[in-house]
Amino acid sequence: MQFHLETAQLRLLANVLLEQDSAECSELLKKVMAHDLRFDSIELEQTADVLAAKTVSIKEEIAGQKDAAQKMELERQLLLLQQVLEKVNEACVMF
């Protein structure tokens with residue numbers, strides 16, 4: 001199963017994976033950097049878990065943010081993150 005991401009979505013996914021400190025995420029990051037999104041079901045589930053955790057993290061940051069400009073940027077990132085997570089979840093269901 002292969003899914004497609006736009007450039008901004010691909011960049012966001014790479015950044016989220018880069019933040020992780022695990023061998024699995026490192027392997028996923030290599031695939032993303034090579035623009036090879038042919039993930040198997042386990043890789044899709046791992047990606048969905050990482051993205052879901054990042055979503056929670058960003059929501060917490062937004063809730064505690066006082067600076068309006070920073071809050072707006074975090075909300076933009078959250079929207080993009082949710083779009084990527086939706087695509088990953090769709091790919092999981094289709095697998």
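None of the figures in this text is laboratory data; all of them are computed from the coordinates on show. For clarity, every value in this text was computed on a predicted model and none was experimentally measured. We place every Cβ from the backbone using ideal geometry, glycine too, and count neighbours over all the protein chains shown.
Out of the residues in region 48-95 meeting the condition of being touching an Asp or Glu at 6+ places or on another chain (Cβ under 7 Å) and more than 26 Å from Ala23 (Cα to Cα), tell me which one is surrounded by the fewest Cβ atoms within 10 Å (Cβ to Cβ).
First, the residues of region 48-95 that are touching an Asp or Glu at 6+ places or on another chain (Cβ under 7 Å): 62, 74, 92.
Still in the running and more than 26 Å from Ala23 (Cα to Cα): 62, 74.
Details: Ile62: 16, Leu74: 20.
Here the residue is Ile62.
Across region 34-47, what is the total count of residues that are aliphatic (A, V, I, L, M), crowded, with 18+ Cβ neighbours inside 10 Å and not in a loop (DSSP other than H, G, I, E, B)?
Taking region 34-47 and keeping what is aliphatic (A, V, I, L, M), we get 34, 37, 42, 44.
Pick out the ones that are also crowded, with 18+ Cβ neighbours inside 10 Å and you get 37, 44.
Subsequent filtering for residues that are not in a loop (DSSP other than H, G, I, E, B) retains 44.
So the count comes out to 1.
Which of the residues that make up region 16-33 are surrounded by 14 or more Cβ atoms within 10 Å (Cβ to Cβ) and either part of a helix (DSSP H, G or I) or in contact with a Ser or Thr (Cβ under 6 Å, 6 or more places away or on another chain) (or both)?
Selection gives Val16, Leu17, Glu24, Cys25, Leu28, Leu29, Lys31, Val32.
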